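To start, the structure itself, in structure tokens.
The values are calculated or read from the model by the stated rules, or taken from the named source; none is laboratory data. These figures come from a predicted structure and were not determined experimentally. Neighbour counts run over all protein chains shown; Cβ positions are idealised from the backbone, glycine included. These accessible areas exclude ligands, DNA and RNA; they are computed on the full protein's heavy atoms, side chains included. Shrake-Rupley method; radii C 1.70, N 1.55, O 1.52, S 1.80 Å.
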Amino acid sequence: MNDFSITGAATKAAPAAGETLTSRTYAMLRADIIRGGLQPGVKLKIEELRERYDVGTSPIREALSLLSSDGLVHRIEQRGFRVSNVSGQEFADILRVRCWFEERALREAIANGDSAWEEELVLAAYRLSREPRSIGTGETFIANADWEASHKAFHSALISACGSPILLAYCDDLYDKNVRYRNLAGTLSYPNRDIACEHDAVVDASLARNADLAVAELMRHYQRTSQLLAGRLK
């Protein structure tokens, strides 16, 4: 019996220029864990991963070691690897730390951002507004991968002018870990929630250089998502 719990085909990607097999394998495995294609607790068998991603044993082992450092994979002594488990406590901790980091990043971006940052933010918000969150018909919700990509690009643009590559790297990692929980919690269509309006409120306050209001709107945006996810995670 296959130990994988799969919710779709394996993530595939053509190698970019200068990209190693290990980095490509790491990226594919990480993407599948974050999107929920590899479920929490699933044992990661080397041979099955080789077939799934069409790569050799060494890149698989090296990628799993890197993912173990990220906290997305758990190394079991003498027994291989498993996808790390999830918990409501960990989700709350991810959100708390994400709010701490992004508050500082947003304040610094508003203080330091120039016209190029403003243009990037407006463009990212516009592109996001053009993407439907679902590609299903009627009441059927099917997550739109383009919306997900645009959503991450928007949140990245918002804090991109903070001036700290290290802080941005932490924020990017916490974003992905938060999305993993959102994906695992299942479909959320937010029937009584206007996410576009929430994004617009953050953008308007940021462009007005009102850091206190921008942070308040961003934290409110995250907490609303947290309240919905917390109920599903129980």
Subject >> Qualifying positions in segment 192-218 - modelled with pLDDT under 95 and either over 19 Å from Ala143 (Cα atoms) or assigned to a loop (DSSP other than H, G, I, E, B) (or both) >> reply: Asn192, Arg193, Asp194, Cys197, Glu198
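Only one of Glu120, Glu102 is open to solvent by 50 Å² or more (accessible area, probe 1.4 Å) and in contact (Cβ under 8 Å) with a residue 24 or more places away in the chain. Can you tell me which? Before the answer, list the steps.
Details: Glu102 fails: open to solvent by 50 Å² or more (accessible area, probe 1.4 Å).
Step by step, each of Glu120, Glu102 is checked, and only Glu120 is open to solvent by 50 Å² or more (accessible area, probe 1.4 Å) and in contact (Cβ under 8 Å) with a residue 24 or more places away in the chain.
Filtering segment 35-63 down to residues that are open to solvent by less than 20 Å² (accessible area, probe 1.4 Å) and assigned to a helix (DSSP H, G or I), which residue is nearest to Lys152 (Cα to Cα)?
Our first condition is that a residue be open to solvent by less than 20 Å² (accessible area, probe 1.4 Å); within segment 35-63, this holds for 36-38, 42, 44, 49, 53, 55, 59-60, 63.
Now drop any that are not assigned to a helix (DSSP H, G or I), which leaves 49, 53, 59-60, 63.
Numbers: Leu49: 27, Tyr53: 25, Pro59: 27, Ile60: 27, Ala63: 23 Å.
Filtering segment 35-63 for residues that are open to solvent by less than 20 Å² (accessible area, probe 1.4 Å) and assigned to a helix (DSSP H, G or I), the one nearest to Lys152 (Cα to Cα) comes out as Ala63.
Condition check ((1) modelled with pLDDT of 95 or more; (2) under 22 Å from Ala27 (Cα atoms); (3) in contact with a Gly (Cβ under 9 Å, 6 or more places away or on another chain)) across all residues:
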{"site": "Arg79", "(1), (2), (3)": "no, no, no"}
{"site": "Asn85", "(1), (2), (3)": "no, yes, yes"}
{"site": "Ala116", "(1), (2), (3)": "yes, no, no"}
{"site": "Ala145", "(1), (2), (3)": "no, yes, no"}
{"site": "Ser164", "(1), (2), (3)": "yes, no, no"}
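On the given criteria, is Glu139 charged (D, E, K, R), modelled with pLDDT under 80 and out of contact with any helix residue (DSSP H, G or I) (no Cβ under 7 Å at 6 or more places or on another chain)?
Details: charged (D, E, K, R): yes; modelled with pLDDT under 80: yes; out of contact with any helix residue (DSSP H, G or I) (no Cβ under 7 Å at 6 or more places or on another chain): yes.
Yes: the conditions hold for Glu139.
Has segment 139-159 got any residue that is of a type outside the set (A, V, I, L, M, F, W, C) and in contact with a Phe, Trp or Tyr (Cβ under 7 Å, 6 or more places away or on another chain)? Show your work before the answer.
Going through segment 139-159, the residues of a type outside the set (A, V, I, L, M, F, W, C) turn out to be 139-140, 144, 146, 148, 150-152, 155-156.
With in contact with a Phe, Trp or Tyr (Cβ under 7 Å, 6 or more places away or on another chain) added as a condition, the list becomes 152, 155.
Scanning segment 139-159 turns up at least one residue that is of a type outside the set (A, V, I, L, M, F, W, C) and in contact with a Phe, Trp or Tyr (Cβ under 7 Å, 6 or more places away or on another chain).
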Original post:
With (1) at pLDDT 80 or above; (2) touching a Ser or Thr at 6+ places or on another chain (Cβ under 9 Å) as the list, and Ser189 as the residue in question, which single condition is left unmet?
Top reply: (1)
Original post:
Only one of these conditions is not met by Tyr26: (1) at pLDDT below 90; (2) assigned to a helix (DSSP H, G or I); (3) aromatic (Phe, Trp, Tyr). Which number is it?
Top reply: (1)
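Does segment 44-63 contain at least one residue that is within 20 Å of the chain's Cα centre (by Cα) and farther than 16 Å from Lys177 by Cα?
Yes: one or more hits.
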Original post:
Looking at this structure, is Leu67 of a type outside the set (Val, Ile, Thr), part of a helix (DSSP H, G or I) and within 26 Å of Arg24 (Cα to Cα)?
Top reply: yes
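Mind checking whether some residue in segment 132-144 is assigned to a helix (DSSP H, G or I) and either within 28 Å of Asp32 (Cβ to Cβ) or touching a residue at least 24 places away in the same chain (Cβ under 8 Å) (or both)? Quick ask: steps written out before the conclusion?
At the first step, the residues of segment 132-144 found to be assigned to a helix (DSSP H, G or I) are none.
No, that holds for no residue.
Considering only segment 67-121, how many residues are out of contact with any strand residue (DSSP E or B) (no Cβ under 8 Å at 6 or more places or on another chain), of a type in the set (S, T, N, Q) and over 25 Å from Leu167 (Cβ atoms)?
Residues flagged as out of contact with any strand residue (DSSP E or B) (no Cβ under 8 Å at 6 or more places or on another chain), of a type in the set (S, T, N, Q) and over 25 Å from Leu167 (Cβ atoms) within segment 67-121 amount to 2.
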